[in-house]
Structures are given as structure tokens and as C-alpha cells.
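A quick write-up on the structure given underneath.
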Amino acid sequence: MDSEQVNYVVWRYLKESGYDNTAYAFDYETKIEQADRKWNESCPTGALIRALQKGLQYMELEQHYATTTDDTEATQCTSSFSLVEQHVCAKKNDVSSPMDADLDATQSIKLESDEQHVDSSDTTRLDKDLSYQNALIDVAAFRCYSFLSLPSVNATFTCSAWAYKDPYKLCIGSSDSQLRVFDLSPTLKDKSAYDIAFQMSVSETGQDITGLHWNHCGTFLACTYFIGLVQLFNDGFSLITTIQCQDAPILSACWSPTDTFLLLGLADGSFTLWDAYARLVKHTVQQPQNAPILDLAWLNAEHFVTVDAIGNLTLYTVENEAPVFQIPYAHLGSISSVEYSPYASLLLTASADASIKLWSIDADYTIKLISSIKLPASIDCIQWSPSEPSLFAVSSSGSICLYNAFTRNLLYRLRRNRTAITKMSFSHNGRYLASGDLHGNLHIWRYKNASLVGEYISTAIDKPNATEEASAIRHLNWNRTDEILAAGNSTDLIVLSNNIKGDALKYEH
């Protein structure tokens, strides 16, 4: 028995008991849902309860075997075993107090794992789907020109977003509820970072910032929190207003194409539609099954879709709280991502069941399945190309697959990451595709010839007491001019540029 098996049976218990929010939070920390495809059929319902019951029976036998000196005089114990209390034997016609029993007879049970953890990755393998000779000759086209770390801040980075109007200002959210803005201009003489910090308008402090979302014209920045709070800033980073949603983590947010509405998806299965012009909440809708809303996508200025942790795909309009169209259990597992391409008029969904699906939207706003693509492992990231209407990228098992949405043909398979890809991002002009993995490594590909043009090999995983959770790339963003790529794990920020010359810069807080 190893920790992954323990995590899986606990997660299954939460799902089977209806604790969807807790199950999502547990999976968010452990990523255990990825094991569902491997163990779903073999793991019986109620596996955790069965294991606990059998464990208690074993403890009962062990306890009474250790305390019985004469089998002929053994008397049945009438006291039940508990998971949370010390067992004290109580026998029929026993006049002595239970507290007089010998508590030292209980022996501890040590569980040891016999499972061998073998790294199945072949580090000598060369990808046959692209030319490594071409990929390796130009890795210096993008180079790391700054490495930023905040050792004095007792918090972790959670998200980032480039300022819309200034291509060199990077906004970073962290777990201490602070929004920090860094000036990464290559011409800045004084290489000092500056902070914009504020006091939350609620009594709780130290809450995670879950997302930073600029509207399309760059006038408002929505800063979402784990406690269901949204703070709205203008382009000068002055606080404009505060929105209080349900008391649940905000997992997803996106602006409508016209910037009229801000759509927020929460972990309690509700979504909130905020009117930016009226400065008020238009409506809050609680979905019937209370499954956490994991992602959102706008189809146009009036219609949007939501996806949740039990696989539902639902279409709404801004004027009605009731859904226009719904596909229950569109995937067998939770739908982690949904992306809409207005150029191809296609909807793309990715699920923990290791499948991606393409959907069409008819004139009457009915959703129809066009194609389903099965991959060998769960999907990490999906994204449409901003320059090629028919192209989309999918990451799974440490590789990136580029597909043509119209023909469903696999165009390229990019294999450079040796661990799971945690973030993926096209440049705004569509020329480059960047990926970050669990060990903090970054790779940048040129789309046209599928060649590797830049990489950053991290040493974060080699540090003492380092974990994949801490070293993994959690946010990855191109600035508006596509000159700079900023990526970060929980404590460090790596900045890559394709035109910055000179010595590497180091920023200190």
C-alpha cells in the first residue's frame, strides 16, 4: 500500500458520499483523479469503509490474542473497537472498572509499502515525430534574462498576468492575499521591484488569490480570491469595487467579448454574472447537482457554457437563469477545461477520463458532438491557436499533440518534457508554443516546423526537501508584444526573452 492508493480510496469515499466540494479540494492538492482511469473498475464501491472494518477486526483479534493467557478461559469482549479511541476490554460479569484494564497490551500496527517505485521514463529516447537535430541547434533564441525570488515573503505565488497597456509590468497574486506588480522593463536602470499591497475588505486575511483576469480593453483587472471575493482594479491599480459571491472558492473567471459581464465559477456549483456597466450582480445561479464549476467559456456576447466536476456541459444566456441546453455527463470524468474558437465555431473540452471532444454549436444553440479523441493518459492542458483557426494543442503524458480540428489529424507530437506538463501557452501571434512541467522546466517551440527554440532547465526539484508541488510551473504568460515569457512555480519567477541582450538580471525583494 502506498500513498497514492490511500489518497485514491479517500477521494473515492468523498465522491461516493456526496462531498463534491471536499473531493475537488482534495484532488486539487493531490491530483489523484488522474488515477481514476487506472483503478475505477478494479476498486469496489466503499473500499475505504471495507478496509477500515477489516482493519478493526484484525486489531480486535490481535488485542485479544495478546491479552488472553488461557484459551480455555477466554471470555468474549463486549466493548466495540473504535477508530478514534483507545480500546478497553469489557467482559460480561466484569465488576472491575474498564479503566483498570491493561492499556499497554495494545500493539501498534506498522504498514509498510512493498511497491517498487520505478521511473518508467526513458531518458535516452529520442522523439521520432520531429527532428531533434533541428530542435537543438537554436535553443539560445530565447534566453533567461532574469530570475526573481522572494525569500522574504512568507507566501507562495498562485497566478500572474501581464498588464494590458504596459508590456513590461507583471502582476502576481499570492497566497497571502497580496497583489504585487513588478516592472521588468529591459531599459529600467534601477532594477528594483515594487509592490502594490492592499488590505482585504473582509476580516479574513491570508487568503489565496485564485486568478488575475484583465478585460479585453485593459481597463479592469479582476482579482479573485479563495473565499468567493472579487476585487476590481483599474489600469492604474487603484481599487474600484469589491464583489462578494457565495462563500466558496472562485475556480474560474472570464470576461464577455464586449467586456459587459464578468462571469465567475465557484466550487459550490454556482456561478455569478456581474454587470460591469451597472456595477452590480445580474444574477447568481446554483446548479442542481452542486458540482464545482471548473471552467467557463463565452460563445458570444450573450451565450456562455460551463463545465463541472461530474462531467456536465451546460449552455446559458445572460438573460435567463435556466440553462438553454445541457449535456449531462458529456465526459465520464470531470471536465477540467473548455475552450471555444470563434473562428472555427467549435467547442473543445478536456476531461480526466483521458479524452478530448469537439462540439459544434447550431444556430438554435444546441450542442452536437463531432469527434472524440482518446489519449493514453489524463489531459493536462488544451488551447486553440490564435493564428490558425483549425489548430489546437493538447498536452498529456509529458508530450504535446497538435491537431487539425477539421480533419482531426495529428500534425505534430512534441516530446521534450520528461514529466507531466502543468501549463501551456501560445504566443499572441501564434508563432510559438511554450510549456512548463512538474519539475519547473520550460520549453518553447516554433509551430511552423515543430522545432525547439528555447528551454530553461530548472534545478528547483534538486533542492533539499523539494517537492513536485512546489517546483511545478503554475503560471505561464506571454506579454502583449510576445517579447517576454514569464513563468513561475510557488516561489520563483523565470523570465525568458527573445531579444534581450546583456548579462542576466537578478531582482531581489
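Looking across segment 271-284, just one residue is buried (at least 18 other Cβ atoms within 10 Å of the Cβ) and either at pLDDT below 95 or at positive phi (or both), and that is Ala276.
Criterion first (farther than 24 Å from Val230 by Cα and without any contact (Cβ under 8 Å) to a residue 60 or more places away in the chain) does Thr284 satisfy it? The answer is no for Thr284. Quick check on Thr284: is it of a type in the set (Val, Ile, Thr), more than 23 Å from the chain's Cα centre (by Cα) and more than 19 Å from Ser174 (Cα to Cα)? Answer is yes for this residue. Of the residues examined, Thr366 is not one that is more than 23 Å from Trp162 (Cα to Cα) and at pLDDT below 90.
Counting only strands (runs of 3 or more DSSP E) that sit completely within segment 298-368, those holding 2 or more residues that are under 21 Å from Pro389 (Cα atoms) and of a type outside the set (Val, Ile, Thr) correspond to 303-308, 335-341, 346-351, 355-361. Restricting segment 469-486 to residues that are within 15 Å of the chain's Cα centre (by Cα) and not acidic (Asp, Glu) leaves a set whose member that is surrounded by the most Cβ atoms within 10 Å (Cβ to Cβ) is Ile473. Meeting the requirement of 3 or more residues that are modelled with pLDDT under 80 and within 21 Å of Asp308 (Cα to Cα), the helices (runs of 4 or more DSSP H) wholly within segment 1-55 are 20-30. Taking segment 435-457 only, how many residues are crowded, with 21+ Cβ neighbours inside 10 Å and without any contact (Cβ under 8 Å) to a residue 40 or more places away in the chain? Residues meeting the conditions: 5. Taking only segment 390-427 into account, find how many residues are under 20 Å from Ile473 (Cα atoms) and either in contact with a Phe, Trp or Tyr (Cβ under 8 Å, 6 or more places away or on another chain) or crowded, with 16+ Cβ neighbours inside 10 Å (or both). Going through segment 390-427 one residue at a time, the tally reaches 22. Residue-level check: of (1) touching a Cys at 6+ places or on another chain (Cβ under 7 Å); (2) farther than 25 Å from Ser371 by Cα; (3) among the basic types (Lys, Arg), Lys423 misses just (2).
With the requirement that a residue be free of Cβ contacts under 8 Å to residues at least 60 places away in the same chain and either assigned by TED's automatic domain parsing to the domain that holds Leu391 or more than 11 Å from Ile373 (Cα to Cα) (or both), what does segment 352-362 give you? Those that are free of Cβ contacts under 8 Å to residues at least 60 places away in the same chain and either assigned by TED's automatic domain parsing to the domain that holds Leu391 or more than 11 Å from Ile373 (Cα to Cα) (or both): Trp359, Ser360, Asp362. With respect to (1) in contact with a helix residue (DSSP H, G or I) (Cβ under 9 Å, 6 or more places away or on another chain); (2) under 25 Å from Pro376 (Cβ atoms); (3) of a type in the set (A, V, I, L, M), the lone exception for Ala291 is condition (2).
The values are calculated or read from the model by the stated rules, or taken from the named source; none is laboratory data. Worth saying up front: this structure is predicted, and the values here are computed from it rather than measured. Ideal geometry is used to build each Cβ from the backbone, glycine not excepted, and the neighbour counts take in all protein chains shown.
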